[in-house]
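Single-structure report; data block below.
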Amino acid sequence: MSTQTISQSSIWGGGNSPFKISYGKLMMWVFLLSDAFTFSSLLTAYGAIRYSFSSTDTFIEEVTPAKLEADGIPVSDGRIHFTFADNLIEKYTPEAASHAAHGVEAHADHTDYFVQKMGETGIFSETHWPSPDLVFNHFPGFGIFDFHGMHLPLIFVSLMTLILILSSVTMVLAVEAGQRADKAAVSKWMFWTIIGGFMFLSCQAWEWTQFIGAGSRMYVNPYGPPTFAALFFGVTGFHGFHVFSGVVLNVIIYINNLKGTYEKRGHYEMVEKVGLYWHFVDLVWVFVFTFFYLI
């Protein structure tokens, strides 16, 4: 029996990685790859369940546009077509618009009248998947502007998407500043990234509040099949948890940078590693936005 001697020089004993990447970055990529499989599975499941139900357009064809228009529901080119910024409360319940202005009363009107009206006409039904532009069509006035009852389809979630994308831009600038060993610039751009993360989470909390306020739960959904609500809470909640985790990591990096931790180490690789995670979270949201709000 012959033996083979392996030269120690042929085995990586540490030091410079054969992948031209640090161990920390390599492990971050491994984690992101595994997380990508998780989100892919969730979105694939959503797509399969989504298309196991008929669409609102199919429902319109079955009941005929003329019947819906007789019920006061405008239909154009086979789709329900409310005028942008149209006041739906005034359209269906003018007596309600005279006493509601902002806040709780306005939300109650949206829930009690618009959602109820859509349910009565069969547009919101457990038999078919709801149209996102009818579900996510509200926008907060913050006690300053009067948006109550207005049909503003997907405007708020588009704002959420813009905020997250801009936070990704500020993260790029933070990483670039770290490569230049510019401590002050790293702190500045990390701060704005953190602000963007908190803004996104606040927007998501408001959207969940509206969805729950309309009566949606994991097991019940006034807009359509209960599965729609369960998947909405599950997937957007899982992504929201990732955003929250990213904000926590960003805060830690921000504090460490203020203390001069990375300046003492002589490199800002931790900023790059957290940046990879933050970009991943942003990229995943693009797919969540596409699946839940556009399809």
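Here are some notes:
- Residue identified as crowded, with 18+ Cβ neighbours inside 10 Å and among the β-branched types (Val, Ile, Thr) among Ile212, Ile194: Ile194
- Taken over the stretch 228-251, the criterion of being surrounded by 15 or more Cβ atoms within 10 Å (Cβ to Cβ) and among the polar types (S, T, N, Q) is satisfied by Thr236, Asn250.
- Members of the stretch 49-73 found to be surrounded by 14 or more Cβ atoms within 10 Å (Cβ to Cβ), at pLDDT 80 or above and assigned to a loop (DSSP other than H, G, I, E, B), listed by number: Phe53, Ser55
- The set of residues in the stretch 252-276 that are in contact with an Asp or Glu (Cβ under 9 Å, 6 or more places away or on another chain) and surrounded by fewer than 22 Cβ atoms within 10 Å (Cβ to Cβ) contains only Tyr262.
Residue-wise test of (1) farther than 18 Å from Val115 by Cα; (2) touching a strand residue (DSSP E or B) at 6+ places or on another chain (Cβ under 9 Å); (3) in contact (Cβ under 8 Å) with a residue 24 or more places away in the chain.
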| residue | (1), (2), (3) |
| --- | --- |
| Ser202 | yes, no, no |
| Thr209 | no, no, no |
| Tyr219 | no, no, no |
| Pro225 | no, yes, yes |
| Leu231 | yes, no, yes |
| Val235 | yes, no, yes |
| Val251 | yes, no, yes |
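- Listed by first and then second residue, the pairs linking a residue in the stretch 120-131 that is farther than 19 Å from Lys67 by Cα and in the same structural domain as Pro65 (by TED's automatic domain parsing) to a residue that is modelled with pLDDT under 85 and assigned to a loop (DSSP other than H, G, I, E, B), with Cβ atoms under 7 Å apart and 6 or more places separating them unless they lie on different chains, are Trp129/Ser55.
- Count - residues of the stretch 247-278 that are among the small types (Gly, Ala, Ser) and more than 15 Å from Trp29 (Cα to Cα): 2
The values are calculated or read from the model by the stated rules, or taken from the named source; none is laboratory data. Treat the numbers as computed from the prediction; the structure is a model and nothing was measured. Cβ atoms come from the backbone with ideal geometry, glycine included; neighbour counts cover every protein chain shown.
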